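The structure appears below as structure tokens.
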Protein chains: 2
Amino acid sequence: MKFIEKLKFDASGLIPAVVQDWKDGAVLMVAYMNREAVKKTLKTGKATFWSRSRQKFWIKGEESGNIQKLKEFSFDCDGDCILIKVEQVGGAACHTGYRSCFFRKAGKTGKLSTKGKRIFDPAKVYKKK
Amino acid sequence: MKFIEKLKFDASGLIPAVVQDWKDGAVLMVAYMNREAVKKTLKTGKATFWSRSRQKFWIKGEESGNIQKLKEFSFDCDGDCILIKVEQVGGAACHTGYRSCFFRKAGKTGKLSTKGKRIFDPAKVYKKK
């Protein structure tokens, strides 16, 4: 995959990846990929990231079942950001149960409000082992 | 703007901001804001970033005229990414003349192709001073 040479990974070997719903264009989340996660995502067709907090590969939905099926892989003019379009299995991408991680908005004065509603109950999806 | 305390800025004082067209949801670009750029964006209603390459505030479109009028400001569950919806004046966000900076896509085997077409000629928009 020669095109990977066009991507700029940061000092930690990571590049941000915006995840967008392939049908209505909703931005679901932003996570980070390393070189290997880029290859895994393209090869398996499942969005795969590098978890900065857990320091390991993270196949989105591996625990909740809400995987993201790859529909399109693109990257920006500078090569320092990725955009993937996905089919979000289960309808929700956020671990809080909201469809999108971007469920909080701020008004001009900084006043906060919530948009969207919870699609699942996190307590039921992420069972303690 | 108390909500800014909910945002996590990295070691350089920056947070990534995804810019999305408010009408059809196209992801136009990703850039970085610092604390002051967040305030400026909300206060002025014009998308304002911190340019990492030029190390200064960057009102998107200040040179080309293609400013981005703020329509919605949101941030994610972890507070480490911003998403703004904007009205893109001039129709194109990318300095290359494409509507979106994400105009290159890679297939499963890594094969590259271009999506979209150039809306403006960069040589005419960015005149040498």
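Key figures
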{"quantity": "The stretch B:86-105 - residue that is part of a strand (DSSP E or B) and surrounded by 22 or more Cβ atoms within 10 Å (Cβ to Cβ) and, of those, farthest from the other protein chains (Cβ to nearest Cβ)", "calculated": "B:88"}
{"quantity": "Residue check for residue A:97: touching a residue at least 60 places away in the same chain (Cβ under 8 Å) and not polar (S, T, N, Q)", "calculated": "no"}
{"quantity": "Members of the stretch A:1-16 that are more than 10 Å from every other protein chain (Cβ to nearest Cβ) and either at positive phi or surrounded by 15 or more Cβ atoms within 10 Å (Cβ to Cβ) (or both)", "calculated": "A:9, A:13, A:14, A:15"}
{"quantity": "Filter pass, residue A:124 being away from every other protein chain (no Cβ under 12 Å), more than 14 Å from the chain's Cα centre (by Cα) and not in a loop (DSSP other than H, G, I, E, B)", "calculated": "yes"}
{"quantity": "Qualifying residue in the stretch A:31-46 (condition: surrounded by fewer than 20 Cβ atoms within 10 Å (Cβ to Cβ), at pLDDT 95 or above, in contact with a Lys or Arg (Cβ under 9 Å, 6 or more places away or on another chain) and within 18 Å of residue B:85 (Cβ to Cβ))", "calculated": "no"}
{"quantity": "Within the stretch A:72-83, tally of residues that are under 18 Å from residue A:100 (Cα atoms) and surrounded by fewer than 16 Cβ atoms within 10 Å (Cβ to Cβ)", "calculated": "0"}
{"quantity": "Output for the stretch A:106-121, where each listed residue is surrounded by 15 or more Cβ atoms within 10 Å (Cβ to Cβ) and part of a strand (DSSP E or B)", "calculated": "A:106"}
{"quantity": "Some residue of the stretch A:39-50 being facing chain B (nearest Cβ under 7 Å) and farther than 23 Å from residue A:96 by Cβ", "calculated": "yes"}
{"quantity": "Close pairs (7 angstrom Cβ cut-off, 6 or more residues apart or separate chains): closer than 20 Å to residue B:18 by Cα in the stretch A:100-129, among the β-branched types (Val, Ile, Thr) anywhere", "calculated": "A:100/A:27; A:102/A:27; A:103/A:114; A:104/A:114"}
{"quantity": "Scan of the stretch A:67-83 for residues that are more than 9 Å from chain B (Cβ to nearest Cβ) and without any contact (Cβ under 8 Å) to a residue 40 or more places away in the chain, ordered by number", "calculated": "A:67, A:69"}
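The values are calculated or read from the model by the stated rules, or taken from the named source; none is laboratory data. None of the values given here were measured: they were computed from a predicted structure. Positions of Cβ are generated from backbone atoms using ideal geometry, with glycine treated the same way; all protein chains shown enter the neighbour counts.
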